[in-house]
Amino acid sequence: MTAVRAPATLVWTPGQTPAAFHPADVLPLVADVRQPVTLVRDPTTGAVGIGVGGQLGFGGPGVAAWPVLGQLPALYPEWLGSRSFGEVHGARFAYVQGAMANGIATTDMVIEMSKAGFLGFFGAAGLDPDRVSQAVDRLQAALGDGDLGEGARRSGGAPYTYGCNFIHSPNEPAIEAQVADLYIRRGVRRISAAAFMGLTEPLVRYAYTGLVRDAHGRIHRRNAVFAKISRPEVARRFMEPAPAAMLDKLVAAGQLTAEEGRLARSLPVAEDYIVESDSGGHTDNRPLTALFPTIQKLRNDITIERGYLRPIRLGAAGGIGTPAAAAAAFALGADFILTGSVNQACVESGLSPQGRKMLCQAGVADVIMAPAADMFEMGVEVQVLRRGTMFAVRGRRLYELYRNHASLEALSSDDRGFVEKLLKQSIPDAWSSTRAFWLGRDPHEVAKAEADPKHQMALLFRAYLGQSSKWAIAGDASRAVDYQIWCGPAQGAFNAWAADSYLDAPEQRTVVQIARNLVEGAAVLTRAGQLRAAGVAVPQSAFSFRPRPLA
C-alpha cells in the first residue's frame, strides 16, 4: 500500500520582526508601505496578522512558522492613480496642482511642483495676454517645452511637466482667441480648460493642432486639454469629437490643416478630465461620491460607443485637502487628483500674506457662494471665503440691484449710496474709470454699455467684483473687508488636519510639502484599508496620518 503525503503548507518564518496580530503591534507596521507584507493566520485563534521581512517556505513537523494566507506588494505613493497619466504627462505622481486664477497659482508654484515630480498649472485666468506670455517665458526657461510622453523622450526634452489655465470668456471672446493663439504659437502643451459650458472654436483649435499619424497608423497629439467639468452634458461634449461643422470652419479659415481636421473626427476633444465637485471658484457644489461615478459611467459608455483605443483619464477635484480625501478619490477610481484651495495658503501663492493668513484660519463651513465677475449677467456664482470678509454679502446685493433695475439712474438714493461706498467714488467718477479700463481692453464693451444702460450697470458692478480679487492679491489693508478669495471646504478640512502639526504654521506650508504629505498619507490609508479588508485587526488610529517633513 502506497502512503499518501499531505500537501506542504506555505508558511512564513519571522526575521527580526515578529508577526503582528494585536492592534498595538499592527499600527507601526501599517505606515511602512514600501515593504511587502505577508498575511498570516494563527492556527490556534484563527486571527489574521501581518509579517514584514522574514522568509517564505514550506512547513512541516517542528517548523515554528505561520501559515500564509497571501501577500500584499509594496505600495509606493507614485503608484496611486493611473500609470498612463505618468506615461503621457511625465509626472512622477498622479497629482495636479490646480490653476488658481489671477496668477495666484504662480510660476514659482508651478516650477516647484514640476521639479518635485508633480504637474502644476499656471493661473492665467483673469490676466491679460501680455502677462500670460511673460509667464510662459519664465516657465519655458525654467522647465523646457514640457512635451508630451514619448515625444519628449524621443526629442530629449526636459523631464518636466506643466501647463497653463485657459478659461472660457463669454464676454470677451477676442481675449479667449488671443490666449489660445498664444498657447499654440508658444508651444504650451497642456491647458486646464475651465468654466466651459460648451465648445468654442479657440478651444477646439488648440485641442487638435498638431495631430499626426505615424507609420504604424497611430495618432499622436501635440496638445493636451484637461477639461474641468461638473455636469454630464458638458462632459459629453468634450468626450466626443468636435462637431464636423466647427472642424470644417477651422480648416476653411486655415486654423487647422486638412489632415488635422480629418484626424480630429475620431478623437475626443479632451483625454484628461478634472471632475470638479464642491470646490472653490466656479462650482456646482456636487459631492464627489455622487458626481465621479456618474462621469465615470459616461466615460465608459462613450468609449465603447466610439470605439476609442486611447484611454480617457478622470481626475478627482474638489474637497481634497487631507490624505483621507485623496485616498477616497483614488478608491473611487480617479486616475489623478487635483488640489486647489489648499495651495492658495502656501508661501509660493500669489495671494498676499494677509489673504493667506485668512485662509489658514478657515473652517469647513467658512465658505459661501457669491456672484462671478466674469459671468455676472448670467447669474453664475463662485465659492469664496466667508470668514473675515464681507465680499460675498456685498456682491450678492449688487447682483440683486442689477437684476431688479434697468439702469443706474433707476437706483434709489440708498442704493446709490451703497454702490458709491463700495467703489469709494461717485457713480459718475466710477463709470469714468470703468469706461477707461474697457476702452483699453475691449472698446466694444463701452459701445454696448453706451447703448444699453443695464449693461453699463453690469460693467460698473463688475468693477467691484474684479478689483476685489486684486485687493486680496496685493494685500490692500484698506480693502481687507472686501477681499474675494476663492475657497472650498477643503481648506477648512486641511486646517483641521494640520492643526498642532508641522504644517500648522503658515510659513511651513509649501506646495511640495503639502503634496508629498497628501500622497504619502493616501498610500498609508490605502494600505490600512487593504489590511482591514483582509481581516487584520487594524486600529482606528491607523487611518490618521499626521503631517511631517518629507524629502
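Points worth noting:
- Pairs linking a residue in the range 201-219 that is in a loop (DSSP other than H, G, I, E, B) to a residue that is of a type in the set (A, V, I, L, M, F, W, C), with Cβ atoms under 8 Å and 6 or more positions apart or on different chains, are T209/I184; T209/L256; L211/I219; L211/L263; L211/A264; L211/L267.
- Selection from the range 400-431 of residues that are small (G, A, S), assigned to a helix (DSSP H, G or I) and more than 24 Å from M390 (Cα to Cα): A410
- The range 163-185: number of residues that are in contact (Cβ under 8 Å) with a residue 40 or more places away in the chain and either outside the structural domain of R138 (by TED's automatic domain parsing) or part of a loop (DSSP other than H, G, I, E, B) (or both): 4
- Cβ-Cβ distances below 9 Å connect the following pairs, each with a first residue in the range 397-408 that is over 14 Å from L459 (Cβ atoms), a second residue that is in a helix (DSSP H, G or I) and among the basic types (K, R), and a separation of six or more residues or different chains: H405/K454; A406/K454.
- Wholly within the range 432-551, helices (runs of 4 or more DSSP H) carrying at least 2 residues that are within 24 Å of the chain's Cα centre (by Cα) and either in the same structural domain as Q178 (by TED's automatic domain parsing) or surrounded by 18 or more Cβ atoms within 10 Å (Cβ to Cβ) (or both): 453-474, 489-498, 511-533
- For the criterion of being touching a His at 6+ places or on another chain (Cβ under 9 Å) and in the same structural domain as Y308 (by TED's automatic domain parsing), L211 passes.
- First in the range 118-147 and not assigned by TED's automatic domain parsing to the domain that holds G340, second anywhere and among the aromatic types (F, W, Y), Cβ under 7 Å, 6 or more apart: none
- Remark: A195 matches the filter, which requires a residue to be surrounded by fewer than 21 Cβ atoms within 10 Å (Cβ to Cβ), in contact with a strand residue (DSSP E or B) (Cβ under 9 Å, 6 or more places away or on another chain) and hydrophobic (A, V, I, L, M, F, W, C).
- Among the residues of the range 383-395, those that are part of a helix (DSSP H, G or I) and under 12 Å from W486 (Cα atoms) comprise F391, A392.
- Count of the range 276-304 residues which are within 21 Å of V367 (Cα to Cα) and buried (at least 18 other Cβ atoms within 10 Å of the Cβ): 11
- Contact map, the range 277-289: first residue closer than 11 Å to E381 by Cα, second residue part of a strand (DSSP E or B), Cβ cut-off under 6 Å, separation 6 or more or different chains; pairs are G280/Q383; G280/W486; G281/V382; G281/W486; H282/V382; T283/Q383.
- Odd one out for R237 among (1) closer than 20 Å to R299 by Cα; (2) charged (D, E, K, R); (3) touching a residue at least 40 places away in the same chain (Cβ under 8 Å): (3)
- Subset of the range 260-275 [touching a Lys or Arg at 6+ places or on another chain (Cβ under 8 Å), surrounded by fewer than 22 Cβ atoms within 10 Å (Cβ to Cβ) and not in a loop (DSSP other than H, G, I, E, B)]: L263
The values are calculated or read from the model by the stated rules, or taken from the named source; none is laboratory data. All figures in this text were calculated on a predicted structure; none of them were measured in a lab. Note that we place each Cβ from the backbone using ideal geometry, even for glycine, and neighbour counts take in every protein chain shown.
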